[in-house]
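The structure appears right after this line, and notes come after that.
A short reminder: the numbers here are calculations on the coordinates, not readings from a lab. Worth saying up front: this structure is predicted, and the values here are computed from it rather than measured. Glycine also receives a Cβ, built like all others from the backbone with ideal geometry; neighbour counts cover every protein chain displayed.
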């Protein structure tokens, strides 16, 4: 069965420091992975995706993610954190058994707190 | 470009009252549509999804129902609300024929049941 795990409920970093938000996955077949960000009382915003190709994927707002097949991970990274990056982050994987429905399986979310 | 609209943004309803939340998508045709509920600002629970007009799949048994009367309109309903129906409801869409594309979310409805 497909699954996604975000092992940290919260990540704290200082502004200007690099940040990493962790995600591991379990899928049968090729993984299709996504990262989203959610600000308070807003919907989820798509940041980036991995379908195939380069293991380092670049996305919106300076975020990037590194796909590691051997470790079944897809960690979100940013070289220099901003206070405005403070939000809730979700990792998701396409439900491989869902046919053409586009269904995603979401992790439980990680709160990123960037302190000035 | 494609946009998704949800309304209302906030709703306070008494227990036992009916519910209707609406979601519409613009700028695309034949999208896949989804209703999620998010409790306490954490994980998402998929409630319903639809791959076409009149086609509704339910993910979990519950007090809610969904309908898709038009290609780009998705409605979440209840005949009698329960306290446990409180939460943040999110609508999303994805490309109907491009299954490896992301879902795109509306800004949600905050539902409080009194």
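Mind checking whether some residue in region A:18-32 is in contact (Cβ under 8 Å) with a residue 40 or more places away in the chain, assigned to a strand (DSSP E or B) and within 14 Å of chain B (Cβ to nearest Cβ)?
No - not one qualifying residue is present in region A:18-32.
In region B:9-37, which residue that is away from chain A (no Cβ under 13 Å) and assigned to a loop (DSSP other than H, G, I, E, B) is nearest to the chain's Cα centre (by Cα)?
Per the stated criteria, the residue is B:18.
Kindly state which strands (runs of 3 or more DSSP E) lie completely within region B:56-102 and contain at least 2 residues that are over 22 Å from residue A:36 (Cβ atoms). Before the answer, list the steps.
Values: elements: B:65-70, B:73-78, B:87-94.
Qualifying strands (runs of 3 or more DSSP E): B:65-70, B:73-78.
Is there a residue being surrounded by 13 or more Cβ atoms within 10 Å (Cβ to Cβ), touching a strand residue (DSSP E or B) at 6+ places or on another chain (Cβ under 7 Å) and more than 13 Å from every other protein chain (Cβ to nearest Cβ) anywhere in region B:38-45?
Scanning region B:38-45, I find no residue that is surrounded by 13 or more Cβ atoms within 10 Å (Cβ to Cβ), touching a strand residue (DSSP E or B) at 6+ places or on another chain (Cβ under 7 Å) and more than 13 Å from every other protein chain (Cβ to nearest Cβ), so the answer is no.
Filter the strands (runs of 3 or more DSSP E) completely within region A:34-116 down to those with at least 2 residues that are more than 11 Å from every other protein chain (Cβ to nearest Cβ).
Those strands (runs of 3 or more DSSP E) span A:56-58, A:64-68, A:73-78, A:87-94, A:110-115.
Could you check residue B:102 against (1) free of Cβ contacts under 8 Å to residues at least 40 places away in the same chain; (2) over 12 Å from the mean Cα position of the chain (by Cα); (3) more than 23 Å from residue A:4 (Cβ to Cβ) and say which number it fails?
Of (1) free of Cβ contacts under 8 Å to residues at least 40 places away in the same chain; (2) over 12 Å from the mean Cα position of the chain (by Cα); (3) more than 23 Å from residue A:4 (Cβ to Cβ), only one is false for residue B:102: (3).
Just give me the residues in region B:50-64 being surrounded by fewer than 16 Cβ atoms within 10 Å (Cβ to Cβ) and touching a strand residue (DSSP E or B) at 6+ places or on another chain (Cβ under 9 Å), in sequence order.
From region B:50-64, those surrounded by fewer than 16 Cβ atoms within 10 Å (Cβ to Cβ) are B:52-55, B:57-63; that's our starting set.
Result: B:52, B:53, B:54, B:55, B:57, B:58, B:59, B:60, B:62, B:63.
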